[in-house]
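Reading through the structure tokens given below for one structure.
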Amino acid sequence: MHADHGVNTLQRMAVPANPDSIPPVPGPLLRLGAHSVTGWPATLLSLLAGATLVLAFAPFDHYLLAPLSLALWFALLRGAGPRHALRHGYAFGLGLFGAGANWIFNSLLIFGEAPLVVATLITALFVLYLALYPALLAWIAARLFGRARLLSWLLALAGGFVLLEALRGWFLSGFPWLLIGHTLLDSPARGWLPVAGEAGAGLVVALAAVALVLLGARRFVAGLVLLAMLLASSAGNALWNGLQPAPSALRVAIVQGNIEQSRKWADDGIDYALSLYSGLSREAGDVDLLVWPETAIPAFYFEVYEPLEVLSLDLEAWGTELVTGIFDYDPATRAMYNSIRHIPSGATYDKRQLVPFGEFLPFRDRVAWLDRLLDIPMSDLTPGTGSGRVAMAGLVAGLSVCYEAAYSRRIRAALPEAGFLLNVSNDAWFGDTLAPHQHLQIARVRALEMGRPLIRATNTGVSALIDADGRLTARAGLFTREVLTGEIQPRQGYTPAARFGPWPALLVALLLVLPAGRARRGRAA
């Protein structure tokens, strides 16, 4: 009796009363022949998937690679334990940001004149930090949802990807760059951008990756149904057109001076820039608005207001209003601003979203040593306030400076009053890298998302006129000196993305994540 009791006790401990209550760990999805792709081969493939995703962005624009790259990475994560999933996620992030955002090295080395070792170290730390976001997602997917059914797990992964992109665009000032929704800009599904914004477009790309994984796992019904839903809704969005054109078009000229950074900040840089831009401006012809780029003149406004106002009066005689990027200074508070000034009226917009380590130094009291190593002009600026709305040429413009175009919430604040958008930028410090092309793509996304034409004036390129559908109507070259002219058609009204922002898309993403928490207690697929 005693022995039998012991055997029965061991049997009860070894075999649960309800075997379905503890679902098995799912096996890997990706196989090469009869062998599963796991361990370090899966990590290397994750690195490759992240690097390949960069090709979906400008200047390559192979948008189909976005869902394909994500699908490969999602498949590699299935069945991986938390430790391995963390490694796969970090490798994916290193591939994406190491290949797509390494231009910061050029900015630090050439523009910031940082020592090679310092520029390399900061760039490496920047990429290592950004890679934490996909690493965190992969770890959560394995640790918290790893035993969920395949469909629930994949949907949670798609929703989580978009939620963490939103976090990356906000936390510690944010880096809303290389967002997967931007890859839809030149695709047949571009209609998602004005309807659901960049977050909603990103969710569509992630869900397309889910459909591909389901098809690859022979879940044909689920995969085809999801793919059909995405295609049908994308076709429906393409028919949306809820904006009205303004009564008249606006004739615009952009002066792209193409002054090298070293020449710009030379001892005679102010006089040289004034002479160059003034001369080119007098050749612009009959336009309503003449735009100079960010910090076109490397000086405070009070230092150069006399020649600028003389030029402005001459242009006004031709019916032209001058707008320029310029530094501004408040003697009462000793605050310096990166500004846009409408010369005829004196109206000024001060940049709100400053670039960390470029326009201000976070935690300056703790990293003062870094400030001594970097030699970046005007790197102690004060952020501005307000909505960005300034009246010019008989209309209201929504203004932004450089990097601010990447922040949808900053641009959205000027609507619906703004009939067009104006962004001035200095992409010279990016050099001949991917950044100027990525930056232009972001500006085009913002125009389409907000349903407003956008004037983009840069020092060295790429200056452009972008219509309200995000398409280029005129563009300058990269590292060329020219006056770009054309027309824009201002718009009135709200796109759904401009009215509601990212919140509907983020709510849907959250709802996709939540079921996996319940499903993980069921049997794995």
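The values are calculated or read from the model by the stated rules, or taken from the named source; none is laboratory data. Remember, it's a predicted structure, so these values are computed and weren't measured experimentally. Glycine gets a Cβ as well: all are built from the backbone with ideal geometry, and neighbour counts include every protein chain shown.
Observations, loosely collected:
Conditions (1) crowded, with 20+ Cβ neighbours inside 10 Å; (2) farther than 22 Å from residue 436 by Cβ; (3) touching a Lys or Arg at 6+ places or on another chain (Cβ under 8 Å); (4) of a type in the set (Asp, Glu), marked per residue:
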position	(1), (2), (3), (4)
129	no, yes, no, no
133	yes, yes, yes, no
140	yes, yes, no, no
144	no, yes, yes, no
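- Filter pass, residue 73 being of a type in the set (Phe, Trp, Tyr) and at pLDDT 95 or above: yes
- Region 478-525, subset among the charged types (D, E, K, R) and at pLDDT below 95, residue farthest from the chain's Cα centre (by Cα): 523
- Of the residues making up region 474-494, none is within 20 Å of residue 273 (Cβ to Cβ), in contact (Cβ under 8 Å) with a residue 12 or more places away in the chain and in contact with a Phe, Trp or Tyr (Cβ under 8 Å, 6 or more places away or on another chain).
- Subset of region 159-193 [among the small types (Gly, Ala, Ser) and within 14 Å of the chain's Cα centre (by Cα)]: 166, 169, 173, 174, 181
- Of all the numbered requirements in (1) surrounded by fewer than 21 Cβ atoms within 10 Å (Cβ to Cβ); (2) free of Cβ contacts under 8 Å to residues at least 60 places away in the same chain, residue 90 misses one, and that requirement is (1).
- In region 241-265, residue modelled with the lowest pLDDT [restricted to those that are surrounded by 14 or more Cβ atoms within 10 Å (Cβ to Cβ) and over 22 Å from residue 482 (Cβ atoms)]: 265
- Of the criteria (1) assigned to a loop (DSSP other than H, G, I, E, B); (2) within 21 Å of residue 175 (Cβ to Cβ); (3) of a type in the set (A, V, I, L, M), which one residue 80 fails: (2)
- Output for region 314-348, where each listed residue is outside any loop (DSSP other than H, G, I, E, B) and exposed (fewer than 12 other Cβ atoms within 10 Å of the Cβ): 330
- Among the residues making up region 194-224, a single one is under 11 Å from the mean Cα position of the chain (by Cα) and either hydrophobic (A, V, I, L, M, F, W, C) or modelled with pLDDT under 95 (or both): 199.
- Scan of region 235-258 for residues that are polar (S, T, N, Q), touching a Phe, Trp or Tyr at 6+ places or on another chain (Cβ under 8 Å) and either outside any helix (DSSP H, G or I) or free of Cβ contacts under 8 Å to residues at least 40 places away in the same chain (or both), ordered by number: 258
- Considering 160, 146, 197, the condition of being more than 27 Å from residue 80 (Cα to Cα) and in contact (Cβ under 8 Å) with a residue 60 or more places away in the chain is satisfied by 197 alone.
- In region 105-120, the residues that are at positive phi form Cβ pairs under 9 Å with partners that are crowded, with 18+ Cβ neighbours inside 10 Å and at pLDDT below 80, at six or more places apart or across chains, as follows: 113/374; 113/376.
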